[in-house]
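Inspection log for the structure reproduced underneath, given as C-alpha cells.
The values are calculated or read from the model by the stated rules, or taken from the named source; none is laboratory data. For clarity, every value in this text was computed on a predicted model and none was experimentally measured. Neighbour counts run over all protein chains shown; Cβ positions are idealised from the backbone, glycine included.
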Amino acid sequence: MHTLLEDDLELSNTVTSYLQRKNFKVIQSFDPLDAKEKIYEHRFDILLIDIKIPFQNGFEFLKELRKEKNDTPAIFITSLHTAEDATRGFESGCDDYIRKPFALKELLSRMEAVIKRYYKTHQSVIEIDEKISFDYTNNILLKNGEKIPLKPKEVALLKLFLRNKNQIVTKKRIFEHLWEYDEEPNEGSLRAFVSGLRKHLGKKRIETVKEVGYRFVSE
C-alpha cells in the first residue's frame, strides 16, 4: 500500500490511476494533516510526497515522520529543480527525489528500486516459531523447510499481521488493505483467508476479537 501526498488534484489522480492499473493500492492525501492521520492508521510500503503542499512543506513533513521513528521509504515529487533542493530533500530523510514533469514509468521504476533496496536492508526472513518462517521479500511461507503455497490475499494478510504483532487489527483495516478500490470486501472470504493461515500457523496463532477483528499472537 502506498500513500500519495500531492495537492494538485489532476496530477494526484493521474498518478493514482496509473499505479492502480499496475496493481498498487494507493491512498491519496491533499494536505499534511490528513496524510499524518492516514500514516498513523495504516502501514505503507512507500510514501510519495510533494514538497509544495498547504500548511507545511514536504521537507518539514518528512522530518517530523523521521523524528517519530517512521522509516517508511519516501520519494519527493517536486517542481523544485536545484541541486540545493535535492540536497535538502535527502537531508530531510527521503530515499529518492524526482522532478516534475516526469514519466509515470520512471516514477514506477524508482518506487520499485526504493522498495527493493529498503527490504534488502531490513529483515527478510521472519521467524514465526522454531518450525515456521516467512520470507517477506519473496512472499514464501516455510514450514519445516518446505514451501507452503499461499493465495495473494493470504500473503497480504500475513504481512499485515506480522507488522502488527500482538495488536488488534480491525476488520475495516483488513478490508482496506486486502481489497482493491474496485473490489467489494467480503467477510466470508476474510474468514476463509484467516482459516487458511491458521491451518499452517496453528489455530492459537491468530485470535478472533469478536466483532472487531483479529490479533496475531507472537511468542
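Within the stretch 144-163, can one find any residue that is without any contact (Cβ under 8 Å) to a residue 12 or more places away in the chain and either on the phi > 0 side of the Ramachandran plot or surrounded by 12 or more Cβ atoms within 10 Å (Cβ to Cβ) (or both)? Yes: the stretch 144-163 contains one or more residues that are without any contact (Cβ under 8 Å) to a residue 12 or more places away in the chain and either on the phi > 0 side of the Ramachandran plot or surrounded by 12 or more Cβ atoms within 10 Å (Cβ to Cβ) (or both). In the stretch 176-188, what residues are part of a helix (DSSP H, G or I) and surrounded by 16 or more Cβ atoms within 10 Å (Cβ to Cβ)? 176, 177, 178, listed by residue number. Looking across the stretch 172-182, the residues that are under 13 Å from residue 42 (Cα atoms) and out of contact with any Phe, Trp or Tyr (no Cβ under 8 Å at 6 or more places or on another chain) come down to 172, 173, 175, 176, 177. Kindly evaluate residue 50 against the criterion of being assigned by TED's automatic domain parsing to the domain that holds residue 156 and either surrounded by fewer than 17 Cβ atoms within 10 Å (Cβ to Cβ) or touching a residue at least 40 places away in the same chain (Cβ under 8 Å) (or both). Criteria not met by residue 50. Taken residue by residue, the stretch 131-141 has no member that is more than 25 Å from residue 159 (Cα to Cα) and either in contact (Cβ under 8 Å) with a residue 24 or more places away in the chain or loosely packed, with under 12 Cβ neighbours inside 10 Å (or both). Can you confirm whether residue 63 is exposed (fewer than 12 other Cβ atoms within 10 Å of the Cβ) and either within 17 Å of the chain's Cα centre (by Cα) or modelled with pLDDT of 80 or more (or both)? For residue 63, the condition - exposed (fewer than 12 other Cβ atoms within 10 Å of the Cβ) and either within 17 Å of the chain's Cα centre (by Cα) or modelled with pLDDT of 80 or more (or both) - is not met. For the stretch 105-138, residues that are within 17 Å of residue 216 (Cβ to Cβ) and touching a helix residue (DSSP H, G or I) at 6+ places or on another chain (Cβ under 9 Å) total 6.
Scanning the stretch 121-152 for residues that are out of contact with any Asp or Glu (no Cβ under 8 Å at 6 or more places or on another chain) and hydroxyl-bearing (Ser, Thr, Tyr) yields 121, 136, 137. Restricting attention to the stretch 70-106, the residues that are farther than 23 Å from residue 39 by Cβ, surrounded by 12 or more Cβ atoms within 10 Å (Cβ to Cβ), of a type in the set (A, V, I, L, M) and without any contact (Cβ under 8 Å) to a residue 60 or more places away in the chain total 1.
Consider residue 124 carefully, then state whether it is free of Cβ contacts under 8 Å to residues at least 40 places away in the same chain and exposed (fewer than 15 other Cβ atoms within 10 Å of the Cβ).
yes
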